[in-house]
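This report concerns only the one structure given below.
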There are 4 protein chains.
Amino acid sequence: MARNFHPDAPPLQIAQWLNTDTPLTLASLRGRVVVLEAFQMLCPACVTHSLPQASKVRQLFAAKDVAVIGLHTVFEHHDVMGPMALEAFVREYRLGFPIGIDAPSGGSIPATMREYQMQGTPSTVLIDRQGRLRMSHFGVLDDIALGAAIGQLLAEDMPAGPAVQVSNEAAAAREAGIACDALGCRLGEGLSA
Amino acid sequence: MARNFHPDAPPLQIAQWLNTDTPLTLASLRGRVVVLEAFQMLCPACVTHSLPQASKVRQLFAAKDVAVIGLHTVFEHHDVMGPMALEAFVREYRLGFPIGIDAPSGGSIPATMREYQMQGTPSTVLIDRQGRLRMSHFGVLDDIALGAAIGQLLAEDMPAGPAVQVSNEAAAAREAGIACDALGCRLGEGLSA
Amino acid sequence: MARNFHPDAPPLQIAQWLNTDTPLTLASLRGRVVVLEAFQMLCPACVTHSLPQASKVRQLFAAKDVAVIGLHTVFEHHDVMGPMALEAFVREYRLGFPIGIDAPSGGSIPATMREYQMQGTPSTVLIDRQGRLRMSHFGVLDDIALGAAIGQLLAEDMPAGPAVQVSNEAAAAREAGIACDALGCRLGEGLSA
Amino acid sequence: MARNFHPDAPPLQIAQWLNTDTPLTLASLRGRVVVLEAFQMLCPACVTHSLPQASKVRQLFAAKDVAVIGLHTVFEHHDVMGPMALEAFVREYRLGFPIGIDAPSGGSIPATMREYQMQGTPSTVLIDRQGRLRMSHFGVLDDIALGAAIGQLLAEDMPAGPAVQVSNEAAAAREAGIACDALGCRLGEGLSA
């Protein structure tokens, strides 16, 4: 089954982990789609868009299918984005997923960021179930586009089966009378016949 | 390759088409993922959420991969949501995708809506490349979740290949100096070495 | 006290009222600031911005101070925006304030709209406590700007007194410990001393 | 002219100013309405709501009428919200208004915050043209409500005159033909007669 070639995702080089007792490796996440969200705590688009988006991804998908990892890739203002500042940030913003502090590399760009050739923050990286690097997007990423990329990777290398359900017959949800609310307009009992 | 059984999507029963010169059939869309957006022009959640979402889906995906179709499934206020009113609505809201007016069925629920057992509006229906009904969601649907479902159906039955790209080496985008804007924080020239 | 001259607001010319048992006149609203929201039910910016904004104004201010009135000023698609269509629209969108259907004038522009020289929909008109026309804004209007205009008119011709409160000493709201949530970061008990 | 009594706003106690060459005092701002936005750089509601709101207030009103001042009132995580961190934050978030760092008081709550009896961050404080404390709101504050409070204070103690304009006759804006866009639906030339 000749698939196109995709390179293996480089190993994560992490100086310190937050929100996890044991260090994570991509090897240990094999079998899952990994969403790696590279950010800086003083990057406005990260704070207002990408980190909330990562939190939403974590809630939407089963942990056995999708792993969300934050990567603190500081390449500016190093003095004021150290581990203590990040810990306070993570607590106040209630980020729940594991976050690795990208390891120093000698220059201003940390090691993992350099290895992945990221162009800045936010960068959203997708790694497939086989550990291959499949997407690296710099900048704000649309929700539908991110969802589609995750969905595609979820579907690959899957034992045949339904991940998309038909939730058609939830007849229990039908209520008497017609009513529109923020969710939509429901059919009433009398009408559904 | 034993996939789970999924029923074929019932044919569309359309009284009149807007935004297309030739009537559409699911058969003619075989090979594409179909997003069928059932709405009423007087349904607030359709107007503020689902129709803009459908327009965005249409922009994000190539027409050869994903077809977006609106379905006007009037089950209340029939007198004021006739074809002329819909035409004005479609023009003012600048909806660009083909829209079918669901055919009358004798009762207040139109024919396609009844056949698909939809519970109300908005309902978002996904049909796979083989014409099978794969999802039917009533109510507001999250962008990431919709994207994931579309992405999964896109990945099925595909000739092996990359739909997810690595846009890593867009070195041209790198600019001199560090700057954060609404898009994010870029690496500067001096730093990327 | 020589104020600048402002013209009296022309009388409303209304063919039919919704959401009120008795017809409204500007004379009967003297003493209140009137927010007159001119809209068409098929005008997207009206539906997504101005009508929700008018509903919010109605909730924020006391009815004795600010009156919110909708004005259905149809100047296009007359056939499909008649009273029955408007009634369905008002019900589905749950608009709670009185709405007048602008009276026909012989041309396509209805009478009140023509008299007020409105340029289109949405138009937001402010009338002061003395019945004078003080603002007429065509197009989407910023919330802060609208609030400021209402606040200014509220302050005029007022018996001296405080409308702006100092809600400083709500000590009851203070909770033990420091916590940040969507509302903000509170002082804890131990810290407030 | 017996107005209700309002206390004078306590003096600002500032350890260091950003975005201004000369230290500000409330006395020097007499004659203007002052919007004092108390925040912490690690307070999510400040970052996503109140600071953008303060920036918008600064843009909407003339500087001679309304002064916007930020106040960094750190009462937690002192170690990681020092002046250097704040400077980086202010630069990355492109805050343009003067920001004072609230002076230490011996306890964890800084001096101005304590004097004003603020309950946490964000707190939005309004001071009238005469230097009197008129509002102190803890938590997210609605745009219309903030606008109304500012508008009211602007109207007080004003020489009689129009701040609210009638922008009715912008005939130049009228274009041929009817068209709806994000701004609204305009009257066409032919119709306005």
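The values are calculated or read from the model by the stated rules, or taken from the named source; none is laboratory data. In this text, all values refer to a predicted model and were calculated from it rather than measured experimentally. Please note: Cβ atoms are built from the backbone with ideal geometry, for glycine as well, and neighbour counts cover all protein chains shown.
Quick notes on this structure:
- Conditions (1) at the interface with chain B (Cβ under 7 Å from one of its Cβ atoms); (2) β-branched (Val, Ile, Thr); (3) closer than 22 Å to A:Ala63 by Cα; number of the one not met by A:Ile127: (1)
- Filtering B:Leu141, B:Leu146 for residues that are more than 7 Å from chain A (Cβ to nearest Cβ) and either modelled with pLDDT of 95 or more or in contact with a Pro (Cβ under 7 Å, 6 or more places away or on another chain) (or both) leaves a single hit, B:Leu141.
- Every residue from the stretch B:76-94 that is without any contact (Cβ under 8 Å) to a residue 40 or more places away in the chain, farther than 17 Å from B:His49 by Cα and more than 7 Å from chain C (Cβ to nearest Cβ): B:Glu76, B:His78, B:Gly82, B:Arg91
- Here D:Val80 does not qualify as at pLDDT 95 or above, surrounded by fewer than 22 Cβ atoms within 10 Å (Cβ to Cβ) and in contact with a strand residue (DSSP E or B) (Cβ under 6 Å, 6 or more places away or on another chain).
- Checked against the criterion of being closer than 26 Å to D:His49 by Cα and in contact with a helix residue (DSSP H, G or I) (Cβ under 7 Å, 6 or more places away or on another chain), the stretch A:108-118 contains not a single residue that satisfies it.
- Among residues of the stretch B:131-153 that are closer than 22 Å to A:Asp157 by Cα, those with a beta-carbon under 7 Å from a residue that is hydroxyl-bearing (Ser, Thr, Tyr) at least six positions away or on a different chain give the pairs B:Leu146/B:Thr124.
- Failed item in (1) in contact (Cβ under 8 Å) with a residue 40 or more places away in the chain; (2) part of a loop (DSSP other than H, G, I, E, B), with A:His49 passing the rest: (2)
- Some residue of the stretch D:38-49 being farther than 22 Å from A:Leu51 by Cβ, more than 8 Å from every other protein chain (Cβ to nearest Cβ) and modelled with pLDDT of 95 or more: yes
- Extreme residue, farthest from D:Pro11 (Cα to Cα), among residues of the stretch D:83-106 that are in a helix (DSSP H, G or I) and aliphatic (A, V, I, L, M): D:Ala88
- Restricting B:Leu24, B:Leu51 to those that are closer than 16 Å to B:Asp102 by Cβ and under 12 Å from the mean Cα position of the chain (by Cα) reduces the list to B:Leu51.
- Qualifying positions in the stretch B:111-143 - over 18 Å from B:His72 (Cα atoms), assigned to a strand (DSSP E or B) and under 13 Å from the mean Cα position of the chain (by Cα): B:Met135
- Given (1) touching a Ser or Thr at 6+ places or on another chain (Cβ under 7 Å); (2) more than 7 Å from every other protein chain (Cβ to nearest Cβ); (3) within 28 Å of C:Phe5 (Cα to Cα); (4) not polar (S, T, N, Q), number of the condition C:Pro122 does not satisfy: (2)
- Looking only at residues in the stretch A:1-47 that are surrounded by 14 or more Cβ atoms within 10 Å (Cβ to Cβ) and of a type in the set (D, E, K, R), the one that is nearest to D:Leu95 (Cα to Cα) is A:Glu37.
- Restricting the stretch B:95-106 to residues that are hydrophobic (A, V, I, L, M, F, W, C) and crowded, with 17+ Cβ neighbours inside 10 Å, the residue that is nearest to the other protein chains (Cβ to nearest Cβ): B:Leu95
- Yes/no for B:Val125 being aliphatic (A, V, I, L, M) and at pLDDT 85 or above: yes
- Of all residues in the stretch C:54-69, those satisfying the criterion of being closer than 17 Å to C:Pro98 by Cβ and either of a type in the set (A, V, I, L, M, F, W, C) or in contact with a Pro (Cβ under 7 Å, 6 or more places away or on another chain) (or both) are C:Ala54, C:Val57, C:Phe61, C:Ala62, C:Ala63, C:Val66, C:Ala67, C:Val68, C:Ile69.
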